[in-house]
Amino acid sequence: MNNNGLALELKGISKRFGSILANQNVNLDLRYGEILAVLGENGSGKTTLMNMISGIYFPDEGQIFVNGEEVTIASPKDAFDHKIGMIHQHFKLVDLFTATENIILGIEEEKKYNLAEAEQSVCEITERYGFEMDPKKKIYNMSVSEKQTVEILKVLYRGADILILDEPTAVLTPQETEKLFSVLRKMKADGKSIIIITHKLHEVMAISDRVAVLRRGEHIATVETAGTTETALTEMMVGKKVSLNIERNEPEGSVDRLEVRGVNCVSVEGVKLLDNINFTAKGGEILGIAGIAGSGQRELLEAIAGLQPLESGEILYHNPQNGKIENLRNKTPQQIRDLGVRLSFVPEDRLGMGLVGNMDIIDNMMLRSYRRGSGIFVDRKKPKDLAETIINDLQVVTPSATTPVRRLSGGNVQKVLVGREIASSPTVLMAAYPVRGLDINSSYMIYNLLNQQKKNGVAVIFVGEDLDVLLELCDRILVLCGGKISDIVDGRTAKKEQLGLLMTKVNGAGKEGEVTTA
Amino acid sequence: MHTLTLIATFLNLAILQGTPLLYGATGEILTEKSGNLNLGIPGIMYIGAISGVIGTFFYENSPIFVPAIGVVIALISCLIGSLLASLIYCFLTITLRANQNVTGLALTTFGVGFGNFFGGSLIKVTKSSVPYIALSETGDAFAWHLHFEDLPFADSGFGRAIEWLWTILFSYGFMVYLAIALAILASYFLNRTRRGLHLRAVGENPATADAAGINVTRYKYFATCAGGMIAGLGGLFFIMDYSGGIWSNDGFGDRGWLAIAIVIFAIWRPSLAIPASYLFGALYILYNWLHMPMQMIPIMQMLPFVVTILALVFTSVRKKRENQPPASLGLSYFREER
């Protein structure tokens, strides 16, 4: 093998989805028998890049070399043929099948189909690398960590020499993580090359030989783990601060509006989603929420909106009309909305929670007002006026107010969603990822809308992905990490690197106490 | 002895009645295992039947008629007809990703109309005074089997003692046994072969199958077409064997829907579809055997569906994962979803 010791080499890889550039001119190399960590924020293009190596996506530009030879990877099968295996963040397993059935799925072998033999060879692999796994166990009876083991076995069974793990530790407990790492080290000793995607810095330091840092789809640098520090990596990951010139007024006459006290929340599977959350949102200020995707942002907002049952804790609402303090925990989502607490959530699939794609803008306005009509008939006049106001004021590009929302572009959908929630003159406005996928102008329009609400004395809670925006828009920034608050910092004085570090690890457990008074 | 003969005759008729259902159910199970809910099966069974009738009609009216060749021609034209009908469904739901329910229902409406239109045309061609087409010679060939009376030991004491058993087991045309063989084969294919494993994976979780390097589109096309062809044979059996080669419009009735009900009743297992089909066949003809007023007959004909609902309730309450429909049943698969 005359290939300068590289198992895998990427040259000038680019990939775009519509107008969004996911990867731009990425160069990356992987040596034999090493563990390479790929580090980057959300949306930095890590997963897209790995998907191109494993054949899920096809690169728009660039070359891929395996063992020094240029290859075309057009399908997952091509990737297997080049002995590349990827363990996805979202498991790709058939629930109804046993571990072995999943492992042998899709393999075309010469020899006769024999499940017992396959189970035997699976056992051999598990013993070799020290996994714990019953090959006959059905997936739907398995824990998350067992499912991950099946994913890894699947790749090993096919004889992969290059393994890609997409955020393998995101779903694991620390003990399970340690177990996984010891397996990975055994594989490395066995000569396998491993790429591990993560944004947990301490894990990068613990497991990897080298680190490649991606930022906004671009490859920033690849460094030896031994010769770098967590701080240096964070700087590379978040980049220099970019000045955006978003207007930010001093909060005026801010009063406590929403107090969240000791909120805990547990998922159906028993995983802790929110861990002792304490903070106060004030009227007339924008409270930013930063964190890696899935750190509890969604659950927190839903808890306030009454959509997520709480394990313990309380959410106190200071009603500006009568000065009374009410506990939102005892209220239905409808009652909470009537109090003026509004949630506009823009999830990954863009159509938002609260818009119906096949209905037009007017009908979507009516989703909030249909109860107000008299008798059995709905009032269509007011929603129509409102729809037209939003179209004019927010410059929504649409043929008419009667166009189905799904035909609008993402940005315009978001304007309709945010516009409708603002139109109900809320007292608390929660906007999650309202600028996701929007161009600069639309984004600024949304920022201005939020600022306007702040001026009107609304308590605005803004969940964002872009740290630069959070730092310029928000008065205070609450940083979540793994369902816990790492800290609440002042938006005017905080540093980007500081946020980056807070997002990736929790700052001492004692912080929460002072948070409520911050 | 008299009771035994009576039971034997009843079972014999139940099996004859259940056989078209078994074809339909086996075909639909194979199809649904790929995640395609083909509600066009009743229509495809009509199309399969009329295609076989058309092919045989022209051959039977030619000067050189050999019954065995008539059978082969009927089978081939039936398979071609049902294959084309299945391809319509495949193209719409797999390639164009149209809604499966709508496509299936449309195909059923189309298939019934298609059958009646060409059936009606053929009746016109024959200038017959009765509203049906008779292909009795081919029909006889389809239903051919050894009659008990022709057996050497028929008249012996032993012969009389086992006549009832012969009636239940051996007094059918070849297509009854073919139906059982196909169901067992389908069961073997799904549970004991690599391709069967792949097919089930496609129906359970196409994204996973795709990531594992399985060609989802190809498997869906294969299963839906093979399933449609098997179901089409059920229509052909009904005309050629059960009805003795006589096509009359709407003669096949609602049996296609019964076949789909059996799929649920047999919890998506071809091997279970065999007894289930015969049970449904028995329930379907039960009213003939119980002396009851005319107006009760539709209620009796409802029995198979009542049984299906009970089976659905039972499996839903027990919630055993293995007894649920394929997880992606009714959904189209599109890879580059982001």
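What to note about this one:
- Residue in region A:305-314 that is outside the structural domain of A:THR47 (by TED's automatic domain parsing) and open to solvent by less than 10 Å² (accessible area, probe 1.4 Å) present: no
- Lone unmet requirement of (1) touching a Gly at 6+ places or on another chain (Cβ under 8 Å); (2) open to solvent by 10 Å² or more (accessible area, probe 1.4 Å); (3) β-branched (Val, Ile, Thr) for B:VAL130: (1)
- Wholly within region A:283-368, strands (runs of 3 or more DSSP E) carrying at least 2 residues that are of a type in the set (A, V, I, L, M): A:285-290, A:312-318, A:341-345
- Options B:ILE54, B:ILE88, B:ILE50; residue that is in contact with a helix residue (DSSP H, G or I) (Cβ under 7 Å, 6 or more places away or on another chain), β-branched (Val, Ile, Thr) and open to solvent by less than 10 Å² (accessible area, probe 1.4 Å): B:ILE50
- Hey, A:GLU70 of a type in the set (D, E, K, R), touching a helix residue (DSSP H, G or I) at 6+ places or on another chain (Cβ under 8 Å) and either part of a loop (DSSP other than H, G, I, E, B) or at pLDDT 90 or above (or both) or not: no
- Residues that are more than 14 Å from chain A (Cβ to nearest Cβ) and farther than 24 Å from B:PHE117 by Cα number at least 2 in the following helices (runs of 4 or more DSSP H) confined to region B:172-263: B:174-192, B:216-237.
- Residues (open to solvent by 40 Å² or more (accessible area, probe 1.4 Å), over 20 Å from A:LEU165 (Cα atoms) and within 13 Å of another protein chain (Cβ to nearest Cβ)) located in region A:61-101: A:ASP95
- Cβ-Cβ contacts under 9 Å between residues 6 or more apart (or on different chains), taken from a first residue in region A:21-46 that is aromatic (Phe, Trp, Tyr) to a second residue that is part of a strand (DSSP E or B) and open to solvent by less than 10 Å² (accessible area, probe 1.4 Å), are listed as A:TYR32/A:ALA7; A:TYR32/A:SER193.
- Which listed residue, of A:LYS137, A:LYS112, A:LYS188, is in contact (Cβ under 8 Å) with a residue 12 or more places away in the chain and within 14 Å of chain B (Cβ to nearest Cβ): A:LYS137
- Boolean, B:ILE162 is away from every other protein chain (no Cβ under 14 Å) and either in contact with a helix residue (DSSP H, G or I) (Cβ under 6 Å, 6 or more places away or on another chain) or assigned to a helix (DSSP H, G or I) (or both): yes
- Selection count, region A:210-220, where residues are on the phi < 0 side of the Ramachandran plot and of a type in the set (Gly, Ala, Ser): 1
- Residue within region A:252-266 that is of a type outside the set (A, V, I, L, M, F, W, C), closer than 30 Å to A:GLU203 by Cα and not in a loop (DSSP other than H, G, I, E, B) present: yes
- Qualifying residue in region B:92-112 (condition: part of a helix (DSSP H, G or I) and among the basic types (Lys, Arg)): no
To keep it simple, each residue is scored yes or no on (1) of a type in the set (D, E, K, R); (2) touching a helix residue (DSSP H, G or I) at 6+ places or on another chain (Cβ under 8 Å).
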{"position": "A:LEU273", "(1), (2)": "no, yes"}
{"position": "A:LEU301", "(1), (2)": "no, no"}
{"position": "A:GLY306", "(1), (2)": "no, yes"}
{"position": "A:GLN321", "(1), (2)": "no, no"}
{"position": "A:ARG342", "(1), (2)": "yes, yes"}
{"position": "A:ASP360", "(1), (2)": "yes, yes"}
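- Matching residues, region A:115-130, being away from chain B (no Cβ under 13 Å) and touching a strand residue (DSSP E or B) at 6+ places or on another chain (Cβ under 9 Å): A:GLU119
- Top-ranked residue of region A:25-60 - restricted to ones that are open to solvent by 30 Å² or more (accessible area, probe 1.4 Å), within 14 Å of another protein chain (Cβ to nearest Cβ) and out of contact with any Lys or Arg (no Cβ under 6 Å at 6 or more places or on another chain), ranked as nearest to A:GLU167 (Cα to Cα): A:THR47
- Qualifying residue in region A:7-17 (condition: at pLDDT below 85 and within 14 Å of chain B (Cβ to nearest Cβ)): yes
- The helices (runs of 4 or more DSSP H) located wholly in region A:148-245 that include 2 or more residues which are more than 23 Å from A:MET503 (Cβ to Cβ) and either open to solvent by less than 60 Å² (accessible area, probe 1.4 Å) or modelled with pLDDT of 90 or more (or both) occupy A:174-189.
- A:GLY288 meets the stated requirement of being at pLDDT 90 or above, crowded, with 21+ Cβ neighbours inside 10 Å, in contact with a Gly (Cβ under 7 Å, 6 or more places away or on another chain) and assigned by TED's automatic domain parsing to the domain that holds A:ASP338.
- Counting only residues that are open to solvent by less than 20 Å² (accessible area, probe 1.4 Å) and of a type in the set (Ser, Thr, Tyr), region B:221-261 holds 1 of them.
- Restricting region B:280-296 to residues that are free of Cβ contacts under 8 Å to residues at least 60 places away in the same chain and surrounded by 14 or more Cβ atoms within 10 Å (Cβ to Cβ), the residue that is farthest from the other protein chains (Cβ to nearest Cβ): B:TYR287
- Assessment of region B:318-327 against the conditions (away from chain A (no Cβ under 14 Å), open to solvent by 30 Å² or more (accessible area, probe 1.4 Å) and in contact (Cβ under 8 Å) with a residue 40 or more places away in the chain) yields no matching residue.
- The set of residues in region A:116-131 being over 20 Å from A:LEU96 (Cα atoms) and loosely packed, with under 13 Cβ neighbours inside 10 Å consists of A:GLN120, A:GLU124, A:GLU127, A:ARG128, A:GLY130.
- Looking across region A:102-115, the residues that are surrounded by 13 or more Cβ atoms within 10 Å (Cβ to Cβ) and in a loop (DSSP other than H, G, I, E, B) come down to A:LEU105, A:GLY106, A:ILE107, A:TYR113, A:ASN114.
- Residue within region A:385-398 that is free of Cβ contacts under 8 Å to residues at least 24 places away in the same chain, open to solvent by 60 Å² or more (accessible area, probe 1.4 Å), among the aliphatic types (A, V, I, L, M) and under 21 Å from A:GLY411 (Cβ atoms) present: yes
- Candidates B:ALA209, B:ALA183 - the one that is modelled with pLDDT under 95 and open to solvent by less than 30 Å² (accessible area, probe 1.4 Å): B:ALA209
- Some residue of region A:61-75 being within 21 Å of the chain's Cα centre (by Cα) and farther than 22 Å from B:GLY203 by Cα: no
The values are calculated or read from the model by the stated rules, or taken from the named source; none is laboratory data. Quantities reported herein were computed from a predicted structural model and do not represent experimental measurements. As a convention, Cβ positions derive from the backbone with ideal geometry for all residues, glycine included, and neighbour counts pool all protein chains shown. All accessible areas refer to the heavy atoms of the entire protein, side chains included, with ligands and DNA or RNA removed. Shrake-Rupley method; radii C 1.70, N 1.55, O 1.52, S 1.80 Å.
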